Every structure is written in C-alpha cells, then in structure tokens.
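A quick write-up on the structure given underneath.
Please treat every number below as a calculation from the coordinates, not as lab data. Just so it is clear, the model here is predicted, and its values are computed rather than measured. Note: ideal-geometry Cβ built from the backbone for every residue, glycine included; neighbour counts use all protein chains shown.
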Amino acid sequence: AQSVTQLGSHVSVSEGALVLLRCNYSSSVPPYLFWYVQYPNQGLQLLLKYTTGATLVKGINGFEAEFKKSETSFHLTKPSAHMSDAAEYFCAVRSSGSARQLTFGSGTQLTVLP
Amino acid sequence: DVKVTQSSRYLVKRTGEKVFLECVQDMDHENMFWYRQDPGLGLRLIYFSYDVKMKEKGDIPEGYSVSREKKERFSLILESASTNQTSMYLCASRAGIFMNTEAFFGQGTRLTVV
C-alpha cells in the first residue's frame, strides 16, 4: 500500500520569502513522486516529478523538490515566493504495487502575503 | 496542447436524480480516472479505466458507476444522487503503463446536490 502525508494544510509566507511545503510518503517499493498545483476553480497542473536518477528535481515556476529515501520525504521548495504562487499544492505517489494510479496527499493551501 | 475536457464546470442536481459527468481527452491515452476532491481530504480515486470497456474500482466507488465505450471518453454516473455526493469531480488521463508518465487533469466539475 502507498500513502502520502502533507504536513500543514495551510502555509503562509511573505512575498520574497522561502516556500517550503512538506511531503512524506509510505511505499514498500521505490516510488515515483509528483507535485501538482491547483489554482482556484481549475484542475491540477504538474509542477515536477521524480522518477529515477537525480534526487533534486527542478520544475516549473522556480519550484524544486528533493527526494530523500532515508527520510521518505519529497519536500517542495522555492527560494522566493511570488504572489502568483498562491494556490493549493498536492503531493502524489505511484509505486509498482499500484502502477496505474496516483495516491494524493490532502493538499497544502499556500497563501502569499504582500 | 494536451487537453482533458469536462462537459460542465458547475452542475446543480436534485436528490435522487441520475447524473452523468462526461470527460473527453484528445491525447489517445489508455488510462482515464475519476477523482473526487473534498476540503481536507485531497483527491480520492472513484474509478479508473485502462482500456475501452475496462474499469476498476478505486478507493470510494460506492454510489458511482462508469462507462468507457470509446477510448477518448470516460463517463461518471451517479445512479441516484445524494447530498453527500456534493463535491468537486476531476477527470484525468495518462499514457500507457509506464510509471513515470504524469496524469493530465480536466478543469473539474463542481456538483451540488440539493
């Protein structure tokens, strides 16, 4: 079985500050990990994904995430928050036990303060 | 451009009505998914399909059924709508069986059952 835990359902940062959104996963086999973003009243858009190889993954809009197997984590970061980053962010995992489907975390709502 | 289109953005239905949510993708993807999104619960998988006329139950299939008569179209059916099915419904599609491919999402249908 696979599962995802996102710590903090709401995160607020000031414009220009570091963004850190936490994601921990549970998987009995090596996972594939994804971060999606959802803007208000829209569907989900892929930010970045980890499959194999380099553990630091760069995505769109200046976001990156690092896969840490020893910590079973895949935290999302951005050095400097922008007002346009305000959205809901979802971490998701896929492992060979459930190859066709993604399991999502409960989401983190990011607020960016002026 | 990749596109997943859901037939309605907003729907209001009465308790007991039969409700159809339609989803069409133009990417020739084998896999299609229906998720339900509720605050604090993230996305939960209702049903998915990996081929025409094939379907598998997800985590919360009760009260729902699906139909996939053509590769590009995946329909979610609420046989007798109830107020606890008021939610945001998201359709997604994904190519092939490889675990590193991402899912593409539609804009979502916000369903209210009164």
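For the reader, a short list of remarks on this structure follows.
- In order along segment A:40-53, the phi-based Karplus estimate (6.51 cos²θ - 1.76 cosθ + 1.60, θ = phi - 60°) of 3J(HN,Hα) comes to x, 6, 10, x, 8, 10, 5, 8, 6, 8, 10, 10, 9, x Hz; Gly and Pro are listed as x.
- Charge dipole magnitude, Cβ of K and R +1, D and E -1 - chain A, Cα centre, debye nearest 20: 360 debye
- Full-extension gain in nm, B:ILE97 to B:ILE77, via 0.36 nm per residue minus C-alpha separation: 4.7 nm
- Per-pair calculated FRET efficiency, R0 = 22 Å: B:THR112 and A:SER9 via Cβ, rounded to 0.05: 0.40
- For A:SER12, the residues 5 or more places off, or on other chains, whose built amide H falls under 5 Å of its own are A:THR111.
- For segment A:1-98, the Kirkwood estimate of hydrodynamic radius, built from reciprocal distances between every pair of different alpha carbons, is 13.8 Å.
- Calculated Rg and Dmax of the protein assembly as shown using C-alpha coordinates, Å: 17.5, 52
- Counting only residues at least eight positions apart within a chain, or on another chain, the lysines with an alpha carbon under 16 Å from that of A:LYS69 are A:LYS49.
- Chain B - Rg over Rh from alpha carbon coordinates, Kirkwood radius: 0.95
- Look at where the Cα atoms of segment A:3-44 and of segment B:49-105 average out, and the two centres are 23 Å apart.
- Close amide-amide hydrogen proximity is noted between B:GLY58 and B:TYR47, B:PHE48, each under 5 Å apart and 5 or more residues distant or on a separate chain (H modeled in the peptide plane; Pro and chain starts excluded).
- Neighbours of A:VAL29, meaning other residues whose beta-carbon lies under 13 angstrom from its beta-carbon, give a summed charge of +2 when Lys and Arg score +1 and Asp and Glu score -1.
- Rounded to the nearest 0.05, the FRET efficiency derived from the C-beta distance between A:GLN109 and B:SER8 at R0 = 30 Å is 0.75.
- Close lysine pairs were tallied over segment B:1-73: pairs 8 or more places apart or on different chains with Cα atoms under 26 Å apart number 18.
- Seen from B:MET88, the other residues with C-beta closer than 14 Å to its C-beta sum to a net charge of +2, counting Lys and Arg as +1 and Asp and Glu as -1.
- For segment A:42-102, averaging the sequence separation of C-alpha pairs within contact (under 8 Å, six or more residues apart) and dividing by the residue count gives a relative contact order of 17 percent.
- Choice from B:ARG44, B:ARG94, B:ARG14 showing the highest fluctuation, given a GNM over chain B with Cα pairs closer than 10 Å: B:ARG14
- Taking amide H atoms as placed 1.01 Å from N in the peptide plane, the amide H of B:SER8 lies under 5 Å from those of B:GLU22, each 5 or more residues away in sequence or on another chain.
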